[in-house]
Amino acid sequence: MTATAPAPVRPSTKRVLLAAPRGYCAGVDRAVVAVEKALETYGAPVYVRKEIVHNKHVVETLRERGAIFVEETDEVPHGARLVFSAHGVSPAVRESAAARDLDTIDATCPLVTKVHKEAVRFARDDFDILLIGHDGHEEVEGTAGEAPDHVRVVNSPEEVDEVEVRDPSKVVWISQTTLSVDETMETVRRLREKFPEMIDPPSDDICYATQNRQVAVKKLAPECDLVIVVGSANSSNSVRLVEVALQAGARTSYRVDRAAEIEESWFDGVTTVGVTSGASVPEILVDDVLRLLADRGFGQAEEVRTATEDLMFSLPRELRTSLKASGAQDGRPRPEKRRELPISPA
């Protein structure tokens, strides 16, 4: 007879467990502030290739302030100012921008830039590069574009059987920064079974913020009847948080862009609600969810903290130069324990 673990005991009073860390990561903060400072410094319009970060509210707010979002560089007038999004771009996009004489500001997250540099280095050494990520995501397109003849995208563990390489002794894996840690490691495990000599990247590619938010959700999910993840549908790390919550023991979990999307039926039989947000979500949207929960009788949110983030990235070099020349300042708060890393894009 197989024994089964007892179901977790849920409290009888309504309560909210609030994940920490949640919301903006250092790369998103840097990218959003870069557009804001560009608008303040140069005036509107400022063009942005793709969404600066994957969040509807952020994009709508910046659009109202004068940012113009485009899909490709050929939509930008010659000589205009263009910001590259936090997800990064390929060399071909940079070349296209240069051909149109665009004044570019590179808001690529420095952690994404690190992965780009890995791809360049391994391609130079003639490795086959297995990029674990999602086809069509801007970050994957940018990274693959650094070495298109060497990179093969692996979308999931199930795709491993289809992967072929030129030389099994010269294979390396790298990854999109916003993936599920568990699923990525399962893909790596299967790849290593197929290619035992495959080497690891020099450092972890999945960003610290993605991992921290997943760990926090894993901590609170077993106690939750419902986990609400605030984040947009095209935000990979937000979508992953729903999956992580369900895998970690939450009875149900839903992703919403904003509080107005929450449905009354979700609260049937619910006493404990977990709340978190993706790495591109401003805290104001989480506050709206907490107010909605309070209106429905859920008490003061209890924070469940699993890490403290104190990282801050310098603004893009092009913008820092302009701010210095004008006598303006970055303007972002720097808590006493916050570390600033001046990681320059490639």
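Of the residues Arg100, Arg94, Arg15, the single one that is at pLDDT 95 or above and either acidic (Asp, Glu) or under 27 Å from Val256 (Cβ atoms) (or both) is Arg15. Contact map, region 76-89: first residue within 14 Å of Lys37 (Cα to Cα) and in contact (Cβ under 8 Å) with a residue 40 or more places away in the chain, second residue surrounded by fewer than 20 Cβ atoms within 10 Å (Cβ to Cβ) and not charged (D, E, K, R), Cβ cut-off under 7 Å, separation 6 or more or different chains; pairs are Arg81/Tyr42. Can you find, within region 253-284, the residue that is nearest to Arg15 (Cα to Cα) among those that are part of a helix (DSSP H, G or I) and aliphatic (A, V, I, L, M)? That would be Ala259. Report yes if Asp200 is within 28 Å of Pro110 (Cβ to Cβ) and touching a residue at least 12 places away in the same chain (Cβ under 8 Å), otherwise no. In short, yes.
Can we say Ala97 is farther than 20 Å from Pro45 by Cβ and of a type in the set (Gly, Ala, Ser)? It would help to see each step written out before you state the result.
Details: farther than 20 Å from Pro45 by Cβ: no; of a type in the set (Gly, Ala, Ser): yes.
No.
Can you tell me how many residues in region 126-144 are open to solvent by 10 Å² or more (accessible area, probe 1.4 Å) and in contact (Cβ under 8 Å) with a residue 12 or more places away in the chain? Final tally of qualifying residues: 9. Every condition in (1) open to solvent by 20 Å² or more (accessible area, probe 1.4 Å); (2) in contact with a Leu (Cβ under 8 Å, 6 or more places away or on another chain) holds for Glu71 except the one numbered (2). Residues that are farther than 16 Å from Val181 by Cβ, open to solvent by 20 Å² or more (accessible area, probe 1.4 Å) and part of a helix (DSSP H, G or I) within region 193-244 comprise Glu193, Lys194, Pro222, Glu223, listed in sequence order. Can you confirm whether region 326-345 contains a residue that is modelled with pLDDT under 95 and in a helix (DSSP H, G or I)? The answer is yes, given that some residue of region 326-345 is modelled with pLDDT under 95 and in a helix (DSSP H, G or I).
Sub-6 Å Cβ pairs linking a first residue in region 293-311 that is surrounded by 14 or more Cβ atoms within 10 Å (Cβ to Cβ) to a second residue that is modelled with pLDDT under 95, at least 6 apart or interchain, are Leu311/Arg339, ordered by first then second residue.
Only strands (runs of 3 or more DSSP E) whose full extent lies in region 17-105 are considered here, and the ones with at least 2 residues that are β-branched (Val, Ile, Thr) and over 13 Å from Ser280 (Cα atoms) are 46-49, 67-70.
The residues in region 166-182 that are surrounded by fewer than 19 Cβ atoms within 10 Å (Cβ to Cβ) and either over 29 Å from the mean Cα position of the chain (by Cα) or in contact (Cβ under 8 Å) with a residue 40 or more places away in the chain (or both) can be counted, and the count is 6.
The values are calculated or read from the model by the stated rules, or taken from the named source; none is laboratory data. Keep in mind that what you see is a predicted model, and the values were worked out from it rather than measured. Neighbour counts are summed over all protein chains in view; Cβ atoms, including those assigned to glycine, are modelled from backbone coordinates with ideal geometry. Surface accessibility is based on the protein's heavy atoms, side chains included, excluding ligands, DNA and RNA. Shrake-Rupley method; radii C 1.70, N 1.55, O 1.52, S 1.80 Å.
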